[in-house]
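Computed from the coordinates by the stated procedures, all read-outs in this text should not be read as laboratory data. None of the values given here were measured: they were computed from a predicted structure. All Cβ positions, even for glycine, are placed from backbone atoms using ideal geometry, and neighbour counts span all protein chains on display.
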Amino acid sequence: MNYIITAVYFEAWKVDDWEAGAEKRDWEKYYFEKSPSARNVIDYLKRISPAEIKDDKDVLEKTEVKIYGKAVSDLYDKKESEEAIDEYKRSVIQLLFNDKQNADKASVDSH
């Protein structure tokens, strides 16, 4: 019995060729860091402030990018709701304009 459990355990960790090529639409969970959306944010922020950014990791560690990534992930992973869309809207405004105050005002104005 021990042998069977051990064999099943190790078989579960093997990745077949067809599994390695999973596309974004096949993900069970949305991984912002691996997404085209993250790549677009990285490219955008590198263009507008090249002196501040050394590498991609610097961009992904910025607070406004983390907030945006969570908002995008929530839209994909959870049921779409007005609250999730508002959070996405706030995160985009904050990311693009680096302006928390206007992001919060835009959210209030939309209601």
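Brief remarks on what is shown
- For Tyr31, no residue has an amide H sitting under 5 Å from its own, ignoring neighbours fewer than 5 places away on the same chain, with H placed 1.01 Å from N.
- Pairwise label distance in nanometres, Asp56 with Glu83, each label 7 Å out on the Cα-Cβ vector: 3.3 nm
- Remark: the stretch 81-92, residue by residue, has Karplus-estimated 3J(HN,Hα) of 9, 4, 5, 5, 5, 4, 5, 4, 4, 4, 5, 5 Hz, where x stands for each Gly or Pro and the curve is 6.51 cos²θ - 1.76 cosθ + 1.60 at θ = phi - 60°.
- Put simply, when 31-42, 68-79, 1-12 are sorted by average Cβ atoms within 10 angstrom per residue, most first, you get 68-79, 31-42, 1-12.
- Per-residue ³J(HN,Hα) for the stretch 59-74, Karplus 6.51 cos²θ - 1.76 cosθ + 1.60, θ = phi - 60°, Hz, x for Gly and Pro: 5, 5, 8, 5, 4, 5, 6, 4, 5, 4, x, 5, 5, 5, 4, 4
- 30 Å Cα-Cα threshold exceeded, pairs from Lys46/Lys70; Lys54/Lys79; Lys14/Lys62; Lys46/Lys89; Lys29/Lys62: Lys54/Lys79; Lys14/Lys62
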